[in-house]
1. Looking at the structure I just gave you, is ALA20 within 28 Å of ILE257 (Cβ to Cβ), surrounded by 17 or more Cβ atoms within 10 Å (Cβ to Cβ) and in contact with a helix residue (DSSP H, G or I) (Cβ under 6 Å, 6 or more places away or on another chain)?
2. Across segment 253-297, which residue is most open to solvent (accessible area, probe 1.4 Å) among those that are over 19 Å from GLN98 (Cβ atoms) and small (Gly, Ala, Ser)?
3. Taking segment 182-229 on its own, how many of its residues are closer than 30 Å to TYR274 by Cα, of a type outside the set (Ser, Thr, Tyr) and part of a loop (DSSP other than H, G, I, E, B)?
4. What do you reckon, is MET176 over 16 Å from HIS56 (Cβ atoms), of a type in the set (A, V, I, L, M) and touching a residue at least 40 places away in the same chain (Cβ under 8 Å)?
5. Does segment 299-306 include one or more residues that are among the charged types (D, E, K, R), within 26 Å of SER24 (Cβ to Cβ) and open to solvent by 30 Å² or more (accessible area, probe 1.4 Å)?
6. If a residue must be in a loop (DSSP other than H, G, I, E, B) and surrounded by fewer than 23 Cβ atoms within 10 Å (Cβ to Cβ), how many such residues does segment 230-252 contain?
7. Given (1) touching a residue at least 40 places away in the same chain (Cβ under 8 Å); (2) in contact with a Cys (Cβ under 7 Å, 6 or more places away or on another chain); (3) open to solvent by 20 Å² or more (accessible area, probe 1.4 Å); (4) not aliphatic (A, V, I, L, M), where does ASN133 come up short, assuming only one miss?
Amino acid sequence: MIRDSIKVGHHILKNRMVKAPIHSETCVDGRVTAETEKHYEDRTRGGRFGLVVVEHSYVRKDGMASPTQLSSSRDSDIDGLKRICEIIHRNGSKAILQINHAGCGASRDFTGMEPVSSSDISVTCGWPGSKPNPEKPRPLTRNEIQALEESYIKAAERGMKAGYDGINLHSAHAYMLNQFFSPLINKRTDEYNGYTLEGRTRIHLELIRGIRQVIGDKALFALRLGGCDYATGGSTIEDAVWACKRFEEAGVDLLDISGGTCCFVRKGHTYPGYFGDISEAVKKEVNIPVLLTGGVKKVEDAERLLQEEKADMIGVGRIITSDVSWGMELAD
């Protein structure tokens, strides 16, 4: 099954193996370096992946997750983004760009700006076990939310100008959009409130509509959702199912399932596909492909998860980062 092609939106992917968006830690001032290009050349050689999701890029300077993160925040970034995309296409895979804002995970130490979020709660973002930002974020106003949405939309447009096949909207791992989705973080009481699913997903639905307008109907639009916090009072699998059904209705082509405030790990669970309880539940309720990432170390793991109908596609991240030759049996 892993070698079977699959249709995602208007695109046919040659297989169901996906290179997940892992931070390469190679950029300088958000710009692509020769090291960044080598990172993607080495890990996409042979066209092993039907789809490559390029690492999260910050849509605005105050949303940088780290000093070495990729940027999609400026028109001058397009050339570097294009070079990554051309490498992936030349090696035989489709490519989509992940866009993100770190929210409370962005530190004034390297942004020079105060952190902002849905509320004034600071949590660990991105990398599990790291310390939360010691500076509490300032809650965004309604007008600032609209301005933030425009930054995401412009970043998506830059990705398309750089030649990508589509966009991946990051709402997982306790980053900004996940800070709206998780009731552990979102304590707002306005229309973006944290006590209703409508409020928690309002920004997502507005972004889906706005991004789809600029990338067009034929671009591949994926959304990475931190579907469950696995914590008392946090987001649940049922929340993820509800949200994903509405994301599909709004125009998303691919649902990329991962963890919420637990980031990309699940405490006490290390087996392949440890977010499979979320992806399986979502898959049963939607009509678009579902992607599962987490704990997969062998192609056989991916094959088994597909046969068990945990998802329609399987992603690998850390294993391909450490072993650049991983999955060469899937090469063209």
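The values are calculated or read from the model by the stated rules, or taken from the named source; none is laboratory data. None of these values were measured; they are calculated from a predicted model. When we count neighbours, we look across all protein chains shown, and the Cβ atoms used for this are built from the backbone with ideal geometry, even at glycine. Just so you know, the surface numbers come from the protein's heavy atoms only, side chains and all, with ligands and any DNA or RNA stripped out. Shrake-Rupley method; radii C 1.70, N 1.55, O 1.52, S 1.80 Å.
1. no
2. Once the filter is applied, the top-ranked residue is GLY268.
3. The total comes to 11.
4. no
5. Checked segment 299-306: no residue is among the charged types (D, E, K, R), within 26 Å of SER24 (Cβ to Cβ) and open to solvent by 30 Å² or more (accessible area, probe 1.4 Å).
6. Matching residues across segment 230-252 total 7.
7. Result: ASN133 passes all but (1).
Here is a yes/no grid of residues against (1) farther than 24 Å from GLU157 by Cβ; (2) assigned to a helix (DSSP H, G or I); (3) without any contact (Cβ under 8 Å) to a residue 60 or more places away in the chain; (4) open to solvent by less than 30 Å² (accessible area, probe 1.4 Å):
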| site | (1), (2), (3), (4) |
| --- | --- |
| GLU41 | yes, yes, yes, no |
| PHE49 | yes, no, no, yes |
| VAL53 | no, no, no, yes |
| SER57 | no, no, no, yes |
| LEU81 | no, yes, no, yes |
| GLY92 | yes, no, no, no |
| ALA95 | no, no, no, yes |
| ILE99 | no, no, no, yes |
| ILE121 | yes, no, no, no |
